[in-house]
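First the structure, in the form of structure tokens, and then the observations on it.
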């Protein structure tokens, strides 16, 4: 336990030793910043989601995710700030790739692992990583949290600390505190106050409208029907079906799926109203599905899987059904996960994502800093190019 003035830092390895209500008071606070408000009910930084990752055996020391969660309290032991942190012995399941850094550091005679990873495991979704409860203490508590992260690199013998998929305002704050900023690219969909799917299509150029209409029509032509389930309508047999898709696809893509079957039951118990399960059925048998999480203004697309391959079914289940749902719910945007330039042709737009990195060794820090300067220039150029190739009518692109 460390002290910063009147504030105290403690580190907990297990969510069972953290107050659910106090953690969520930090995770779901609102300091008046418009970006922060949009993120106020981000499901991934909630106690429910993070504890489900742990209690299901998905993010635990045996899988290389040892909890080291930072908690900042005042003199009365009231929790003022928190950060979900893991002491990691590998770089898997993060979606911000630093394996080349680890190789270079090892070749130079250093030891890259362990490292501190301040993130939501297996979840490339943007959100706050410095969680601070409402009140006059916000700035003081936030800076104490940043300092605690830096101090504990040394205490843990870690080479570095990494905050991934944070929002832009946090990236600016961390940059001013000595962290190196890395950028990357995702594709998000934005709701321009559409009332129906055809309103969205009307904003696209003619060729892309025809493409999407054809893909939607042909994806269901083998007699496939779609079910969208939320809340109490999601039953254990739905999770059984979805998990079989997840395992099949995950085993082929990553070699080892990250999430256990129990994880889905746990979120079904504690987060059902924030969960959207989209399932495809053919001949009375579920054959594919995608899981999404519902925030205050955002739909977050996460995992997809299938046991039958059908043309365009992935686009229908993961993208078009999500757009339909977002329009019906009046959600402002969809985050569809990492990578995938094919999303651009389906009406998703390029968005810059941010991560922040604190490197202890000064020589290695200088090398990484130089690398990131070049990488940021490349990402900015790529972003401009992608915007120029967006499938929207010219007038809408010019408004970007």
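The values are calculated or read from the model by the stated rules, or taken from the named source; none is laboratory data. Computed from a prediction, not measured in an experiment: that's the story for all the values here. Cβ: placed from backbone, ideal geometry, glycine included. Neighbour counts: every protein chain shown.
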State all residues of the stretch 299-330 that are touching a helix residue (DSSP H, G or I) at 6+ places or on another chain (Cβ under 8 Å) and under 14 Å from residue 275 (Cβ atoms); if no residue qualifies, say none. 299, 300, 301, 303
Residue 291, sole failed condition from (1) within 23 Å of residue 201 (Cβ to Cβ); (2) within 19 Å of the chain's Cα centre (by Cα); (3) part of a strand (DSSP E or B): (1)
Has the stretch 245-253 got any residue that is assigned by TED's automatic domain parsing to the domain that holds residue 299, part of a loop (DSSP other than H, G, I, E, B) and more than 28 Å from residue 344 (Cβ to Cβ)? no
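Does residue 313 satisfy being assigned by TED's automatic domain parsing to the domain that holds residue 210 and under 18 Å from residue 230 (Cβ atoms)?
Working: assigned by TED's automatic domain parsing to the domain that holds residue 210: yes; under 18 Å from residue 230 (Cβ atoms): no.
No.
Considering only the stretch 129-179, state which residues are outside any helix (DSSP H, G or I) and farther than 23 Å from residue 372 by Cα. Step through it out loud before you land on a result.
Just the residues of the stretch 129-179 that are outside any helix (DSSP H, G or I), to begin with: 129-137, 157-167, 177-179.
Hits for the stretch 129-179 are 131, 132, 133, 134, 135, 136, 137, 157.
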Take the conditions modelled with pLDDT of 95 or more and within 23 Å of the chain's Cα centre (by Cα) and apply them to residue 363. Does it pass? no
Can you spot a residue in the stretch 246-259 that is touching a helix residue (DSSP H, G or I) at 6+ places or on another chain (Cβ under 8 Å), modelled with pLDDT of 95 or more and surrounded by 17 or more Cβ atoms within 10 Å (Cβ to Cβ)? yes
Entirely in the stretch 1-66, the helices (runs of 4 or more DSSP H) that have 3 or more residues that are under 30 Å from residue 89 (Cα atoms), within 21 Å of the chain's Cα centre (by Cα) and modelled with pLDDT of 95 or more: 20-27, 47-55
Go through 292, 205, 213 for me and flag whichever is within 30 Å of residue 28 (Cα to Cα) and either in contact (Cβ under 8 Å) with a residue 60 or more places away in the chain or in the same structural domain as residue 325 (by TED's automatic domain parsing) (or both). 292
Failed condition for residue 338, given (1) modelled with pLDDT of 95 or more; (2) out of contact with any helix residue (DSSP H, G or I) (no Cβ under 8 Å at 6 or more places or on another chain); (3) surrounded by 16 or more Cβ atoms within 10 Å (Cβ to Cβ); (4) within 20 Å of residue 163 (Cα to Cα): (1)
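Given the options 276, 259, 299, name the one that is in contact (Cβ under 8 Å) with a residue 60 or more places away in the chain, outside the structural domain of residue 63 (by TED's automatic domain parsing) and either assigned to a helix (DSSP H, G or I) or touching a strand residue (DSSP E or B) at 6+ places or on another chain (Cβ under 8 Å) (or both).
Numbers: 276 fails: in contact (Cβ under 8 Å) with a residue 60 or more places away in the chain; 299 fails: in contact (Cβ under 8 Å) with a residue 60 or more places away in the chain.
Every option except 259 fails the conditions.
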Can you name the number of the only condition in (1) closer than 27 Å to residue 10 by Cβ; (2) crowded, with 20+ Cβ neighbours inside 10 Å that residue 187 fails? (1)
